[in-house]
Ligand code: NAD
Ligand code: WQD
């Protein structure tokens with residue numbers, strides 16, 4: 001079996017961590033990225049980690065000729081598809097951008113894969129496809145619905161993949177539904193580097209702790225949760241990355257299946273603030289503000305299918321998530337920028 005894997009969006013947050021775990025597992029990842037939400041700085045860091053330049057193709061998933069050429073040139077046997085936009089608020093303001101890249105880009109990638117006869121794919125989906133959950137923890141067969149354009153793009157690609165498999169059962173497709181990825185690689189060399197003001201909780205907390213932001217706004221403390229703040233299933237990005245390696249092992253036989261990648265534990269915003277303060281020794285000032293439109297009270301995974309099907313389970317603790325985020329943030333206060 002070829003060990004070469006095309007990793008679209010491999011210069012991004014989850015893609016770069018998955019690159020590391022693929023290398024550690026003996027695979028040869030080929031990164032394809034257009035740097036629309038990342039920079040070449042990450043490639044230098046990956047080079048530093050392995051003392052070997054990453055194989056990198058600068059380009060866009062909307063360019064099917066480039067994808068087909070790349071798959072053939074590197075004799076890739078499978079694709080891990082991270083590339084796309086992910087900001088929920090922006091997706092409501094600029095819906096066409098999201099449909100074009102996330103849905104249109106995925107369609108072109110799939111067409112190029114079919115033309116190159118590469119029919120193994122791991123796709124980055126999200127717990128956002130469960131909408132406001134009717135059941136907790138959330139199993140994979142929970143009804144699918146979503147409130148945002150971003151979420152719709154994930155659902156549409158999932159549907160495209162199920163239809164593709166139904167039309168051609170030679171495909172092997174694993175849809176991974178991530179809960180809330182946080183943390184950074186133990187080396188402190190790679191981590192999350194939002195290009196703008198962070199939308200997500202963890203980077204906002206870490207930028208506040210390092211002094212880049214004055215204080216955290218806690219979006220509502222009147223939810224039906226133990227302390228009134230939102231509860232989520234935060235998962236260490238290294239655990240998440242290892243989940244992709246585990247899923248690749250499943251690709252040997254044809255199928256189309258969706259798997260949650262989460263810990264199964266719900267953590268509130270205030271619990272996260274306290275855990276981060278204790279792991280970093282820094283104060284994280286915050287104020288309670290209004291709820292953020294579209295937010296839900298609680299969301300955490302039933303993580304049992306991942307263990308049963310791909311033999312994967314998250315192992316890192318909340319403390320690991322905070323300590324590793326803080327190492328990355330304090331060693332790189334401005335991310336990959338000098
Ligand atoms: P990211 O923005 O850090 O990484 C995405 C990468 O894709 C970036 O490097 C970007 O430059 C690249 N990219 C974007 N459009 C491209 C295009 N047209 N052609 C080539 N490259 C392109 O995001 P991430 O957090 O690493 O997320 C990776 C995937 O996981 C995304 O599909 C995202 O929707 C999904 N996901 C993320 C989260 C999360 O909270 N981070 C949760 C669930 C799902
Ligand atoms: C977590 C909790 C907020 C910021 C989003 C996407 C989802 C997935 C992950 C891509 C909530 C609260 C946040 C802040 C706060 N992404 N919060 N102050 O909303 O669960 O999920 O990112 O696929 O699709 O919807 O993550 O980190 O934004 O919020 O109080 O400044 O933190 O209200 O309870 P969310 P998040």
Residue span residue 221 to residue 35: 0.36 nm per residue of separation minus Cα-Cα distance leaves a gain in nm of 63.3 nm
Relative contact order of the chain (C-alpha contacts under 8 Å, at least 6 apart) in percent is 19
Treating every alpha carbon of the chain as one equal point scatterer without solvent, the Debye formula yields log10 I(q)/I(0) values at q = 0.12 Å⁻¹ of -0.82
Both in Å, the radius of gyration and Dmax of the C-alpha trace of segment 31-82 are 11.8, 32
So, with points 7 Å from each Cα along the Cβ direction, the residue 156-residue 309 label distance in nm works out to 2.4
Of all DSSP beta bridges with both partners in segment 210-338, the antiparallel percent, nearest 5, is 25
The Cα extents of segment 73-144 along the principal axes, largest first and rounded to whole Å, are 45, 31, 15
In nm², the average projected area of the convex hull spanned by the Cα atoms of segment 251-294 is 6.3
In whole angstrom, the spacing between the Cα centers of segment 1-40 and segment 207-271 equals 21
Once both label points are put 7 Å beyond Cα along the C-beta direction, the residue 330-residue 75 separation in nm becomes 4.7
The rounded separation in angstrom of the Cα centers of segment 117-150 and segment 284-300 is 21
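What ranking do 43-51, 122-130 get when scored by the average of other Cβ atoms within 10 Å per residue, highest first?
Values: 43-51: 15.9, 122-130: 23.6.
Order by mean packing, descending: 122-130, 43-51.
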Sorted on mean Cβ neighbours within 10 Å (highest first), peptides 71-83, 132-144 come out as 71-83, 132-144
Between the modelled labels at residue 212 and residue 50 (7 Å from Cα along Cα→Cβ) the distance in nm is 2.6
Per-residue ellipticity at 222 nm attributable to helices in the chain (runs of n ≥ 4 DSSP H, -39500 (n - 2.57) apiece, nearest 500 deg cm²/dmol) works out to -11500 deg cm²/dmol
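Kindly work out what percent of the DSSP beta bridges joining two residues of the chain are antiparallel, to the nearest 5. It would help to have the intermediate numbers written out before the result.
Working: 2 of 42 bridges.
Looking only at bridges with both residues in the chain, the antiparallel portion is about 5 percent.
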PRE zone check, label point 7 Å out along Cα-to-Cβ of residue 135, amide N under 19 Å, scope segment 291-313, hits 297-309
Checking rank on 159-169, 206-216, with mean other Cβ inside 10 Å and highest first, the result is 206-216, 159-169
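Bear in mind these aren't lab numbers, they're just calculated from the coordinates by the rules spelled out. Just so we're clear, the structure is a prediction, and the values are computed from it rather than from any experiment. Cβ sites come from the backbone with ideal geometry, for glycine too, and all protein chains shown count toward neighbours.
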